[in-house]
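Notes to accompany the following structure.
Readers should treat all values here as calculations from the given coordinates under stated rules, not as data from a laboratory. The model shown is predicted, which means the values in this text are computed figures rather than measured ones. Don't worry about glycine lacking a Cβ; one is built from the backbone with ideal geometry, like all the others, and counts go over all protein chains shown.
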Amino acid sequence: MILECDNVTLGYELHPAVHHLSIQIERGTLMALVGPNGAGKTTLLKGFMGQVSPLEGSITLHDIQRSDIAYLPQLNQVDRSFPLSVQEMVSLGTWRETGAFGRLRKQHKQRVASALNQLGLSGFEKRLIGSLSGGQMQRVLFARLLVQEADLILLDEPFTGIDSRTTHDLMHLIESWHQSGKTIIAVLHDLDQVKNHFPHSLLLSREPIAYGATNDVLTKENWLKARQLNEAFDEHADHCGHD
Amino acid sequence: MQRALMGCLAISVSAAPIGVFLMLRRMSLTGDAMAHAILPGAAVGFLVAGLSIEAMTIGGIVAGCLVAVLSGLVSRLTDVAEDASMAAFYLISLSVGVLIISVNGSQVDLLHVLFGSALALNNDALYLLAGICTVTLFALAILFRPLVVECMDSQFLQSVSRLSPLAHFSFLVLVVLNLVGGFNALGTLMSVGMMILPSASARYWVKGLDMLLVLSCLLAIISCYAGLLLSYHVGWPTSPSIILILGSFYVLSFLFGMNGSMMSKLSKPKHLSA
C-alpha cells in the first residue's frame, strides 16, 4: 500500500468537499478519479499532497514522503505569461535534489534533455512558455513530471483541451510509468478513456460512490447516484452526525 | 550631488529587480499601497526624533511590515482577498500618517517625507541605502527560484516545498525595505516609481527574465544619472526629475518597444514561412 484514507473529510470553511472517504491505494495502481464538476476531485489530490488538511480522519502515506509526490496542475493554473523558457520550466523537476538553492549538475541537465526529447520537445529549449500551444505546454508539464522521477504521480485533468494526438502520446507515457511500477492517480472526465486505459477508478461526488475495478465502478446506476448526490448537496446543512 | 548619485544608484540596483517581480506577480499597485503604508511609521519616527533617518527608517519598516502581515493574515483568516485587505490597511495607515504629521509637524516636513530629498542625503542615509541594497540583492539571490516558481506555478512550489509562504512574506519585506530606503532619497510617493517604471518599460524590449532584470536595473541607473543632471541644470526637484525620466522611458517603450508596443501592433511585417 502507498496511500491510505481513513474516514477523511476535506473541505473549506467546514463545508465538506470530500466527505467520509476511506480507501487504500496499492503501490503501482493506475487509478482514475472521476465525478461531476464540484465533486471534490482536485481537493482530494490537494489532500494527498498535504495542501488541504483533513477536517476529520487522516491521510497516511506509506514508505514515501510528500516530496516523493509529483503533481500536474490544471493547465489554467500555470501563469504562461511568465518569461521562463521551456528548459528552465522542465529543470524545475529536479527540485527534490537541487532544492531551492542548489545548482543544476551534469546529470540533471542530461535528465532534462532526455525528458524534452522523450516528449518531442527537442529544439524548444529556449522558447518561452508563453509562446507554446496548449498541447505543447502540457508536454512541457509532463516533461517536468518525468524529470521529477516521483513514486506517486497525481494528474489533475491532464487531457482537458488537448488534441487527440497529444492525448495519445501522453497516455502512452502514463502507461509506461505504470509498467515501471509507479502509482498514478488521474482526474478525468472522458469515461471511455477511463474504461480503456485505467484498471481502477474512484467515483466521487463529495461522498465516495464506488471504488475498485473500473468496469464495476462506472455503471449507469453509480453515475446516476453521483449526479443526484452532487446536485442535491445542501450548502446550509446541519453539523454532520457521521461517526 | 555625489552623495545623491551614490544613494540613487544603490536604490536603482536594489529596487528595480523587486519591481520586476512585483510586475510579474501582478502586484504593481501593491507596491504603491505599501508606499503609502510606511508613512505613519516614518511619521512616528519623525515625532520621536525629528528628521532622524534612523528613527524614520525603523518606523517605516515596522509600519510597512505590520500592514503586510496584517493584510496577509486577514485575507487568510477571512473571506476577503489580499488586495482588498491591503487596500483597507494602507488607507488606514496613510490617514494615521498624514494625521500625525499634520498635527505635529509642518507642511515642509510632510513634503520631505512624501517627496524626499536626494540632495540632502548624509553619510548615515548612504550607509542605510547601501545596506538595504546589499540585503536585497543577497535575499533575491537566495529566494530567486522560490520566487519565480511562486509567481508562475504556486501549486508546484507547494507540492515540492514548504517555502511558498516564506517566499511571499520575505518578498513583501523586501518591498517594504526598498520603499523605506527609497523614501529617504525620493520620498514615499516617488520611491515606488523606481520599482515599477523600469520593469514596465523593460517588458516592451526584452522577453527573458534575466534580461528583464538587467535592463530594468540599467534603465533605473540611467534615469537616476539623467534625472540628477536635469535637476541640477534646470533647478527642478530631484525625485520628480528622476521619475519623469523613467516615465519618458516608459512612454517611449510602449510607443516603440519591440514586444507588444503600439508601433509593433500597428506595423505589419511580412510573416515567416514556418
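Under the rule that a partner needs its Cβ under 4.7 Å from the first Cβ, which Cys of chain B have none?
Lacking a cysteine Cβ partner under 4.7 Å: B:65, B:133, B:151, B:217.
Just check the range B:121-219 against the gyration tensor rule for me: Cα atoms, a ≥ b ≥ c as the square roots of the eigenvalues, rounded for a/c under 1.5, and otherwise prolate or oblate depending on whether a/b exceeds b/c.
It comes out oblate by the Cα gyration axes.
Of A:41/A:126; A:182/B:207; A:41/A:225; A:109/A:182, which sit over 27 Å apart, Cα to Cα?
A:41/A:126; A:182/B:207
Could you name the lysines in cross-link range of residue A:220, using Cα to Cα under 17 Å and dropping any fewer than eight places away on the same chain?
Result set, ordered by chain and number: A:195.
Can you work out D for chain A in µm² s⁻¹ from Stokes-Einstein, where Rh is the Kirkwood radius over C-alpha pairs, the temperature is 4 °C and the viscosity is 1.567 mPa s?
Stokes-Einstein gives a translational diffusion coefficient of 69 µm²/s.
Can you pull the Kirkwood radius for the range B:203-274, inverse mean 1/r over Cα pairs, to one decimal in Å?
Over the range B:203-274, the inverse of the mean reciprocal pair distance is 13.8 Å.
Using a Gaussian network model of chain A with C-alpha springs under 10 Å, which one of A:68, A:79, A:216 is most mobile by mean-square fluctuation?
A:79
Which value, to two decimals, describes the C-alpha radius of gyration of the range A:81-148 once divided by 2.2 N^0.38 Å?
1.02
At a Förster distance of 25 Å, what's the computed FRET efficiency of residue B:1 paired with residue B:138, Cβ-Cβ distance as r, to 0.05?
So, using R0 = 25 Å, E works out to roughly 0.30.
Going by a ≥ b ≥ c, the root eigenvalues of the Cα gyration tensor, does the protein assembly as shown fall in the rounded group (a/c under 1.5), the prolate group (a/b larger than b/c) or the oblate group?
Note, shape of the protein assembly as shown comes out prolate.
Test of understanding: given chain A, find the longest segment containing no trypsin sites (Lys or Arg not before Pro) that are in a DSSP loop and have at most 14 other Cβ atoms within 10 Å.
Within chain A, the longest run free of exposed trypsin sites (Lys or Arg not before Pro) spans A:127-243.
Where nothing but the Cβ of Lys and Arg (+1) and of Asp and Glu (-1) is charged, how large is the charge dipole of chain A around its Cα centre, in debye to the nearest 20?
For chain A, the charge dipole is close to 1360 debye.
Rounded if a/c is under 1.5, else prolate if a/b is larger than b/c, else oblate: which is chain B, with a ≥ b ≥ c the root eigenvalues of its Cα gyration tensor?
Oblate, since a/c reaches 1.5 and b/c is not below a/b.
Which percentage, to the nearest 5, of the DSSP beta bridges contained in the protein assembly as shown is antiparallel?
Here the share of antiparallel DSSP bridges comes out near 55 percent.
Could you work out the longest stretch of chain B that avoids the trypsin sites (Lys or Arg not before Pro) located in DSSP loops with at most 12 other Cβ atoms within 10 Å?
Longest gap between qualifying sites, sites excluded: B:27-161.
Quick one: what Rg and Dmax do you get for the range A:1-127 from the alpha carbons, in Å?
Final numbers for Rg and Dmax: 17.8, 49 Å.
I want to check the label-to-label distance for residue A:216 and residue B:214. Put each point 7 Å from Cα in the C-beta direction and report it in nm to one decimal.
6.2
Relative contact order for the range B:151-251 using alpha-carbon pairs under 8 Å, separation at least 6, rounded to a whole percent?
Relative CO of the range B:151-251 lands at 24 percent.
Rounded to the nearest 20 debye, what is the charge dipole size of chain B about its Cα centre when +1 sits on each Lys and Arg Cβ and -1 on each Asp and Glu Cβ?
For this selection, approximately 840 debye.
So how far apart, in nm, are the two label points at residue A:62 and residue A:190 if each is 7 Å from Cα heading toward Cβ?
Going from the residue A:62 label point to the residue A:190 one covers 3.2 nm.
Residue by residue through A:77-85, how many Cβ atoms from other chains fall within 10 Å of the Cβ on average?
6
Given the rule -39500 (n - 2.57) for each run of at least 4 DSSP H residues, summed and divided by the residues of chain A, what is its mean residue ellipticity at 222 nm, to the nearest 500 deg cm²/dmol?
Per the formula, -10000 deg cm²/dmol.
Pick out, in residue order, every one of the chymotrypsin sites (Phe, Trp or Tyr not before Pro) in the range A:70-143 that is DSSP loop and has at most 14 other C-beta atoms within 10 Å; say none if there are none.
A:101
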